[in-house]
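Here's the structure we're looking at; comments come further down.
The values are calculated or read from the model by the stated rules, or taken from the named source; none is laboratory data. If you're wondering where the values come from, they're calculated on a predicted model, not measured in any experiment. No Cβ is skipped: glycine too gets one built from the backbone with ideal geometry, and neighbour counts run over all protein chains shown.
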Amino acid sequence: MSSDKKFGVALVGLGYYSTHQLAHALLQTEHCYLAGVVTGSPKKIPVWKEKYSIPENNIYNYNNFDEIISNPTIDIVYIVLPNHLHAAYTIRGFEAGKHVICEKPMALSVAECDAMIAASEKADKNLSVGYRLHFDPYNREMIRFAKEKVYGQIKSIDTAFCITPQKGEWRLDKNFAGGGPLMDVGIYCLQAVCYVTGQNPVAVTAQSFPASDKEKFKDIEETITWQMEMPGGLVASCRTSYSEQTGYIKIIAENGWFELNPAFNYDGLKINTSEGRSFNIRAFSQQVKQLDGIALSVKNNQQSSVPGTMGRRDMKIIAAVYEAMQTVKRIEIKY
Ligand code: NAD
């Protein structure tokens, strides 16, 4: 393989995230580019063909997707479909001999994650989860503060991510989303606690509350708070909701505190500290860094820094949080 090879990426599903973030990022990436698309909406094709110079034979639909196996210009398929389709399309991607990036949450259950990981091992191809914040300099700076104990030992963590989806969105339907805000955005809180501390929770407790809109939240939680007990006794307090807008992580340490607020957006992130310092880091695109980072791991034949096993770990934590919410018990997690 030539050292300057750019990997061809096919986006599977041309909804909001593909259209407004990933396609644009793939115009700026160094190690990969937008080579193809998979869509069930023929009316979208002319726009994508023209805007991204995609050749006719690199355009697929959900029925002929598997024919991608005989297309050598596509190396990586990126699954950007509603959550209930992640496992099936990831497995089809591996069966077609491609590397796969799958959006978060990785799947609807740990069992689906296991099947996806098994398919990746069988195909001997790379499986990554679309965890863009591992490539974000602000979140990485929070990791450095914790790791280098800039403010001493961490004593407690408080984090929340809440958004307000509109009626009719698949996010509000458990069959599509697998759950409520915990699956969609709460996952960023549990991710952040794990990457900032470098640890996985040993147990969780959780609480849910009566919904303000019984129709909108008929089969998913509207708001959930949960606590993650980390090895060594640190407790992280987490909250997610579909009825407000916020996103932050605050870390209290022995000698001060540091926070990222907003923490999980695409841009405009800001670090504040107990000394009254606040700083912004230079402009960048998280998705460009993420796509290039994953493409480089493929090129170097290394496991990605956001592997399927991490997505599986997070599904384990999510399942434990839901169990804790339903049983009102402390649930220990065995990975
Ligand atoms: P979206 O609804 O805008 O797009 C989904 C696409 O899937 C649409 O084009 C739709 O036509 C297509 N689709 C194909 N089969 C479908 C079916 N059976 N039912 C419904 N839609 C179907 O959603 P989105 O916001 O782009 O989210 C897609 C995925 O990306 C989700 O898993 C979401 O969690 C993830 N996401 C990640 C980020 C991030 O920052 N990493 C941001 C947004 C979304």
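Scanning region 22-54 for residues that are part of a helix (DSSP H, G or I) and either surrounded by fewer than 19 Cβ atoms within 10 Å (Cβ to Cβ) or in contact with a Ser or Thr (Cβ under 8 Å, 6 or more places away or on another chain) (or both) yields a count of 13. In region 157-167, the condition of being on the phi < 0 side of the Ramachandran plot, modelled with pLDDT under 95 and not in a helix (DSSP H, G or I) is met by at least one residue.
Put simply, of Gly93, Gly97 the only residue that is more than 16 Å from the ligand (Cβ to nearest atom) and at pLDDT 95 or above is Gly97.
Which residue out of Ala320, Ala263, Ala253 is among the aliphatic types (A, V, I, L, M), at pLDDT 95 or above and within 18 Å of the chain's Cα centre (by Cα)? Outline the logic, then answer.
Details: Ala320 fails: within 18 Å of the chain's Cα centre (by Cα); Ala253 fails: within 18 Å of the chain's Cα centre (by Cα).
After ruling out the rest, the residue left standing is Ala263.
Candidates are the residues of region 183-204 that are away from the ligand (no atom under 16 Å from the Cβ) and polar (S, T, N, Q); the one that is surrounded by the fewest Cβ atoms within 10 Å (Cβ to Cβ) is Gln199. You will find that of Ile252, Ile271, the residue that is touching a Lys or Arg at 6+ places or on another chain (Cβ under 6 Å), touching a residue at least 60 places away in the same chain (Cβ under 8 Å) and over 20 Å from Ile318 (Cα atoms) is Ile252 and no other. Taking each residue of region 177-203 that is modelled with pLDDT of 95 or more and looking for partners that are charged (D, E, K, R) and surrounded by fewer than 19 Cβ atoms within 10 Å (Cβ to Cβ) with beta-carbon atoms closer than 7 Å, six or more apart or interchain, yields Gly198/Lys147; Pro201/Glu229; Val202/Glu229; Val202/Glu332; Ala203/Glu229; Ala203/Arg330; Ala203/Glu332. Residues of region 19-44 that are within 10 Å of the ligand (Cβ to nearest atom) and of a type in the set (Val, Ile, Thr): Thr19, Val38, Thr39. For region 55-90, filtered to residues that are within 12 Å of the ligand (Cβ to nearest atom) and over 18 Å from the mean Cα position of the chain (by Cα), the residue that is surrounded by the fewest Cβ atoms within 10 Å (Cβ to Cβ) is Asn63.
Determine whether Phe209 is at pLDDT below 95 and out of contact with any His (no Cβ under 9 Å at 6 or more places or on another chain). So Phe209 fits the description; yes. The single condition among (1) more than 10 Å from the ligand (Cβ to nearest atom); (2) among the hydroxyl-bearing types (Ser, Thr, Tyr); (3) at pLDDT 95 or above that Tyr16 does not satisfy is (1).
Selection of region 106-129 for residues being crowded, with 24+ Cβ neighbours inside 10 Å and either within 11 Å of Met315 (Cβ to Cβ) or within 8 Å of the ligand (Cβ to nearest atom) (or both) yields Met106, Ala107, Cys113, Met116, Val129.
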